[in-house]
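None of the figures in this text is laboratory data; all of them are computed from the coordinates on show. This one's a predicted model, so the numbers in the text were calculated from it and none came from an experiment. Every residue, glycine among them, receives a Cβ derived from its backbone with ideal geometry; neighbour counts consider all protein chains shown.
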Amino acid sequence: MRLTYTNILESVHMSGELNLQALFKSLKAILVDGVHVFITLPKNAVPDAIIPRMRFEEAEGTTLIMLKSEAEALGLEYEFPCRMITLDVHSSLDAVGFIAYIATRLAKHDMGVNPVSGFYHDHLFVPDGRELDALDVLREIAAEAG
């Protein structure tokens, strides 16, 4: 079979869960190895050798999320050493209130979070050293919905 854009679209499961109760009930959190950091570089100044976890173009420059060890090896200045938690549930990009609820619950534990939504999963970047607290909160949310 020849690979075409249409074939790719047909093979990708496009929908995700919209129902908040179902999302919270099936919520599983996975702690990703390594400490991540946020970096900003001027537009068009990101070396080809850098392969970040995430890249986002903003008016002021390019934001990168990458491993702290990689940033240090490249001599890059960074902020917010954090741990990445992947929410192993396929939420719809239209799911209203899912991340807001989680962020609110984490805030009640005096914890900020930088959420990033990918196509299939949401990812939470929480302060390094608070990852176990965040996992406890996520388990509580799932148990309460269960």
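Placing a label point 7 Å from the Cα of H90 along the Cα-to-Cβ direction, the residues of segment 26-51 whose backbone N falls under 18 Å from that point are 26-30.
The lysines within cross-link reach of K68, meaning a Cα-to-Cα straight distance under 23 Å and a gap of 8 or more places when in the same chain, are K43. Placing unit charges on the Cβ atoms of the charged side chains and taking the dipole of the chain about its Cα centre, the candidate lying farthest along the positive direction among M54, V137, C82 is V137.
From the Cα gyration tensor of segment 81-146, with a ≥ b ≥ c the square roots of its eigenvalues, which class applies: rounded if a/c is under 1.5, or else prolate if a/b is larger than b/c, or else oblate? Kindly include the intermediate steps, with their values, before the conclusion.
Working: a/c = 1.67, a/b = 1.23, b/c = 1.36.
Note, shape of segment 81-146 comes out oblate.
When Rg and the Kirkwood radius Rh are both evaluated on Cα atoms of the chain, their ratio Rg/Rh stands at 1.02.
Using the rule -39500 (n - 2.57) for each DSSP H run of four or more residues, divided by the residues of the chain, the 222 nm mean residue ellipticity is -8500 deg cm²/dmol. From the alpha carbon centroid of segment 97-131 to that of segment 25-63 is 16 Å. Among beta bridges identified by DSSP and lying wholly in segment 16-145, the antiparallel ones come to about 95 percent.
Taking N as the number of residues in segment 36-104, what is its alpha-carbon radius of gyration divided by 2.2 N^0.38 Å? Don't skip to the answer; put the middle values down first.
Values: Rg = 14.5 Å, N = 69, 2.2 N^0.38 = 11.0 Å.
Taking N as the residue count of segment 36-104, the ratio is 1.31.
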